[in-house]
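Note sheet for the following structure.
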Amino acid sequence: MATTNIDGKDYTWGEGDRWLVEIGKGSGSYRTKYALATPNQAIFYFNAINIGRGFKKRLTLEQGGRKVRIARVAS
């Protein structure tokens, strides 16, 4: 188990957990763009994605089928 601090909050994660970068449009649901193993990779990809008007993106941590939302941005 490892702990990562993102924006002042601590998140504990293990080897089986996945960091998801998801993209959505309008009021619809999100689709996973990247599924990554470490938070450093996930934060890099989350910040690198430029979203257009009407799109949104979020960073989530998936732990055993449960999703924890870390960050969200909408245009």
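What follows is calculated from the coordinates using simple rules that are stated; it is not laboratory data. Note that the structure is a prediction, hence the values are computed from the model and not measured. When we count neighbours, we look across all protein chains shown, and the Cβ atoms used for this are built from the backbone with ideal geometry, even at glycine.
Among the residues of the range 33-54, which ones are part of a strand (DSSP E or B) and buried (at least 16 other Cβ atoms within 10 Å of the Cβ)? It would help to see each step written out before you state the result.
Applying the first criterion (part of a strand (DSSP E or B)) to the range 33-54 yields 33-36.
Correct list: Tyr34, Leu36.
Out of the residues in the range 1-32 that are exposed (fewer than 13 other Cβ atoms within 10 Å of the Cβ) and among the polar types (S, T, N, Q), which is nearest to the chain's Cα centre (by Cα)?
From the range 1-32, those exposed (fewer than 13 other Cβ atoms within 10 Å of the Cβ) are 1-3, 5, 7-10, 12, 14-16, 26-29, 31-32; that's our starting set.
From what is left, the residues that are among the polar types (S, T, N, Q) are 3, 5, 12, 27, 29, 32.
Numbers: Thr3: 16, Asn5: 14, Thr12: 14, Ser27: 18, Ser29: 14, Thr32: 9 Å.
Only one residue fits best here, namely Thr32.
Quickly run through the range 55-75 and pick out the residues that are out of contact with any Gly (no Cβ under 8 Å at 6 or more places or on another chain) and in a loop (DSSP other than H, G, I, E, B).
Gly65
Filter the range 1-32 down to the residues that are of a type outside the set (Ser, Thr, Tyr), outside any strand (DSSP E or B), out of contact with any Leu (no Cβ under 7 Å at 6 or more places or on another chain) and more than 16 Å from Phe46 (Cα to Cα) and list them by number.
To start, the set of residues in the range 1-32 that are of a type outside the set (Ser, Thr, Tyr) comprises 1-2, 5-10, 13-26, 28, 31.
With outside any strand (DSSP E or B) added as a condition, the list becomes 1, 7-8, 14-17, 26, 28.
Subsequent filtering for residues that are out of contact with any Leu (no Cβ under 7 Å at 6 or more places or on another chain) retains 1, 7-8, 14-16, 26, 28.
Of everything in the range 1-32, those that are of a type outside the set (Ser, Thr, Tyr), outside any strand (DSSP E or B), out of contact with any Leu (no Cβ under 7 Å at 6 or more places or on another chain) and more than 16 Å from Phe46 (Cα to Cα) turn out to be Met1, Gly8, Gly14, Glu15, Gly16, Gly26, Gly28.
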